[in-house]
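First the structure, in the form of structure tokens, and then the observations on it.
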Amino acid sequence: MRRTALEKWICETEALPCLTREGLEALQLKRLNALLQRERQRGGYYKDLPAELDSLKELESLPFTLPEALAENAAGLLLVSQAGVERVISGATSGTTGPEKRIFYTARDLENTVDFFSAGISEMASRGEGVMIALPFSGPDGLGELIARAVETLGARPVKAGFGKSYGELEQIIKEERPAAYIGMPAPLLSLIRYCGGPMSLERALTSADACPEGLRRELESSLKEPLFPHYGSRETALGGAVTCAAHEGMHLRENHIIAEIVDKRGEALPPGAEGELVITTIGLEAMPLIRYKTGDRARILQGYCPCGGITKRIEVFGREFSEEPDIKELDGALFRLPFLTDCAYMLKGGRLKVRALTIDGEGEGEMLAIIKNLYPEFEAEAELMKCTGESTPLYMGKRYIERNLI
């Protein structure tokens, strides 16, 4: 089995002859201390932290950074001049409330992300193949544009499908471009496959930007020729954080740029294998590095090394931490097992859960309600079903979430 391409990229980027666990952790400590010194010198948000740590273990003694800081203290977190900022992402992620976060990137931050994307995409796309990118294209250095650049570096052909097109438009793109690989959110991919009656030319998929519950994953993998290649990233990691290799046993972390921890509800560090909240320290970012940032994502670091032979840590990410009931991952995992379901969206008001759904023939209300009542008998449930046509579009324009407490 081929060793993860991520580690070859780390060696090339860091000018290392080979990658060992000891060498990688020494690099992380060196980068962490350099970051702490930058904060002291520039008088940044973290200026009161120690100037140097003797070990990575000491990182656990530092305070957490909460998401609110990215809205309330963006200027203090920025470690370069405004002239050095190449891109800013601001706004709340779909499905969230509260202050809008602001994240800054330099040109080098973005180029590192493109190179990381290239390493990850190389696991499932080959030279000359078409790669369908079903994520937003929002202008220079947008997510879709960065992925397209990464695809091009591999000698593959980006098929820029974007996000929000109708199923008929997407079907036509597949017929004309015949992409072999897909990059995008998992639920829209399954919706497209079911509308088309099969995956057509699509054989492989790198799923990202949203959770993929086990039930949804099983349905996708039964349609494609290979298991999924999940990716984890966020604005705070410059969009790229961890990616799956050919072994399909967890996502390899971008450890030359990110230190990951898992903590419990009290903030105590958890050992490999235990589930808790993912906390990241972004030692490889120039513009806006974060120290012990609480992502709000539930995850675990896998025990041992990957069967591919790689030594980088691997993670599994399960979605948002400490979610309320009903849980959209549980709903999606159960409902998408229904072969006639194309897409669905959820709204909760008081104790009443309403599901809007697209189905192959507009039928299936009884089966859907039975599943919901079995999962959450304490909630009243209703379903509004529509037939999925070529003019239909995905019911979510971003991450899937339950719209709560509607007035």
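The values are calculated or read from the model by the stated rules, or taken from the named source; none is laboratory data. All values derive from a computational prediction rather than experimental measurement. Glycine also receives a Cβ, built like all others from the backbone with ideal geometry; neighbour counts cover every protein chain displayed. The area values use the complete protein model at the heavy-atom level, side chains included, leaving out ligands, DNA and RNA. Shrake-Rupley method; radii C 1.70, N 1.55, O 1.52, S 1.80 Å.
Residue under question is Met288, and the condition is that it be in a loop (DSSP other than H, G, I, E, B) and in contact with a Leu (Cβ under 6 Å, 6 or more places away or on another chain); does it hold? Reasoning before the result, please.
Values: in a loop (DSSP other than H, G, I, E, B): yes; in contact with a Leu (Cβ under 6 Å, 6 or more places away or on another chain): yes.
Answer is yes for this residue.
If only one of Leu56, Leu32, Leu6, Leu27 is among the aliphatic types (A, V, I, L, M) and farther than 25 Å from His231 by Cα, which one is it? Write out each step before concluding.
Values: Leu32 fails: farther than 25 Å from His231 by Cα; Leu6 fails: farther than 25 Å from His231 by Cα; Leu27 fails: farther than 25 Å from His231 by Cα.
Of the residues listed, the single one that is among the aliphatic types (A, V, I, L, M) and farther than 25 Å from His231 by Cα is Leu56.
In the range 367-378, which residues are under 12 Å from Val355 (Cα atoms) and open to solvent by less than 30 Å² (accessible area, probe 1.4 Å)?
Met368, Ile372
Taking interchain pairs and intrachain pairs at least six residues apart, which have beta carbon atoms under 8 angstrom, with the first residue in the range 86-113 and at pLDDT 70 or above and the second in a strand (DSSP E or B) and of a type in the set (Gly, Ala, Ser)?
These pairs meet every condition: Glu100/Ser90; Glu100/Gly91; Lys101/Ser90; Lys101/Gly91; Arg102/Ser90; Ile103/Ser90.
Quick one: which residue in Leu216, Leu278 is within 18 Å of the chain's Cα centre (by Cα), part of a helix (DSSP H, G or I) and crowded, with 22+ Cβ neighbours inside 10 Å?
Working: Leu278 fails: part of a helix (DSSP H, G or I).
Residue meeting the stated conditions: Leu216.
Within the range 151-159, does at least one residue satisfy the condition of being among the small types (Gly, Ala, Ser), part of a loop (DSSP other than H, G, I, E, B), open to solvent by less than 30 Å² (accessible area, probe 1.4 Å) and in contact with a His (Cβ under 7 Å, 6 or more places away or on another chain)?
As a first pass, look at the range 151-159 and keep what is among the small types (Gly, Ala, Ser): 155-156.
Going one step further and asking which of them are part of a loop (DSSP other than H, G, I, E, B), we end up with 155-156.
Checking the rest, the ones that are also open to solvent by less than 30 Å² (accessible area, probe 1.4 Å) come to 155-156.
Those left that are additionally in contact with a His (Cβ under 7 Å, 6 or more places away or on another chain): none.
No, because not a single residue in the range 151-159 is among the small types (Gly, Ala, Ser), part of a loop (DSSP other than H, G, I, E, B), open to solvent by less than 30 Å² (accessible area, probe 1.4 Å) and in contact with a His (Cβ under 7 Å, 6 or more places away or on another chain).
Take the residues in the range 219-241 that are in a helix (DSSP H, G or I) and open to solvent by 10 Å² or more (accessible area, probe 1.4 Å); name whichever of them is farthest from Thr389 (Cα to Cα). Give the steps one after another, and end with the answer.
Initial filter on the range 219-241 (in a helix (DSSP H, G or I)): 219-221, 235-237.
With the extra rule that they be open to solvent by 10 Å² or more (accessible area, probe 1.4 Å), the set shrinks to 219, 221, 235-236.
Working: Glu219: 21, Glu221: 24, Arg235: 34, Glu236: 37 Å.
Checking each candidate, the answer is Glu236.
Out of the range 297-339, which residues are part of a loop (DSSP other than H, G, I, E, B), open to solvent by less than 70 Å² (accessible area, probe 1.4 Å), acidic (Asp, Glu) and within 13 Å of Leu375 (Cβ to Cβ)? Walk me through how you get there before you give the answer.
Initially, the range 297-339 is screened for residues part of a loop (DSSP other than H, G, I, E, B), giving 302-313, 321-327, 336-339.
If we keep only those that are open to solvent by less than 70 Å² (accessible area, probe 1.4 Å) too, we end up with 302, 304, 306, 308-312, 321, 323, 326-327, 336, 338.
Filter once more, so that each one left must be acidic (Asp, Glu): 321, 327.
If the condition is that a residue be part of a loop (DSSP other than H, G, I, E, B), open to solvent by less than 70 Å² (accessible area, probe 1.4 Å), acidic (Asp, Glu) and within 13 Å of Leu375 (Cβ to Cβ), then Asp327 is the only one that fits.
(1) part of a loop (DSSP other than H, G, I, E, B); (2) crowded, with 16+ Cβ neighbours inside 10 Å: which one isn't true of Gly128, the others all being true?
Looking at each condition in turn, Gly128 falls short on (2).
Only one residue in Gly250, Gly273, Gly215 is free of Cβ contacts under 8 Å to residues at least 60 places away in the same chain and either at positive phi or of a type in the set (Gly, Ala, Ser) (or both), so which one is that?
Values: Gly250 fails: free of Cβ contacts under 8 Å to residues at least 60 places away in the same chain; Gly215 fails: free of Cβ contacts under 8 Å to residues at least 60 places away in the same chain.
Of Gly250, Gly273, Gly215, the one residue that is free of Cβ contacts under 8 Å to residues at least 60 places away in the same chain and either at positive phi or of a type in the set (Gly, Ala, Ser) (or both) is Gly273.
Filter the range 2-45 down to the residues that are farther than 13 Å from Leu56 by Cβ and of a type in the set (Asp, Glu) and list them by number.
Glu7, Glu12, Glu14, Glu39
Would you be able to tell me the number of residues in the range 123-149 that are touching an Asp or Glu at 6+ places or on another chain (Cβ under 6 Å) and among the acidic types (Asp, Glu)?
0
All but one of (1) out of contact with any helix residue (DSSP H, G or I) (no Cβ under 9 Å at 6 or more places or on another chain); (2) surrounded by fewer than 23 Cβ atoms within 10 Å (Cβ to Cβ); (3) more than 25 Å from Gln37 (Cβ to Cβ) hold for Glu268; which doesn't?
In the conditions (1) out of contact with any helix residue (DSSP H, G or I) (no Cβ under 9 Å at 6 or more places or on another chain); (2) surrounded by fewer than 23 Cβ atoms within 10 Å (Cβ to Cβ); (3) more than 25 Å from Gln37 (Cβ to Cβ), Glu268 misses (1) alone.
Exactly one condition in (1) part of a helix (DSSP H, G or I); (2) buried (at least 18 other Cβ atoms within 10 Å of the Cβ) is not met by Glu111; state its number.
All conditions pass for Glu111, except number (2).
Do any residues in the range 164-191 that are surrounded by 20 or more Cβ atoms within 10 Å (Cβ to Cβ) have Cβ atoms under 8 Å from those of residues that are among the acidic types (Asp, Glu) and part of a strand (DSSP E or B), where the two are at least six apart or on different chains, and which pairs are they?
Short answer, once both residue conditions are applied: Ala187/Asp343; Pro188/Asp343; Ser191/Asp343.
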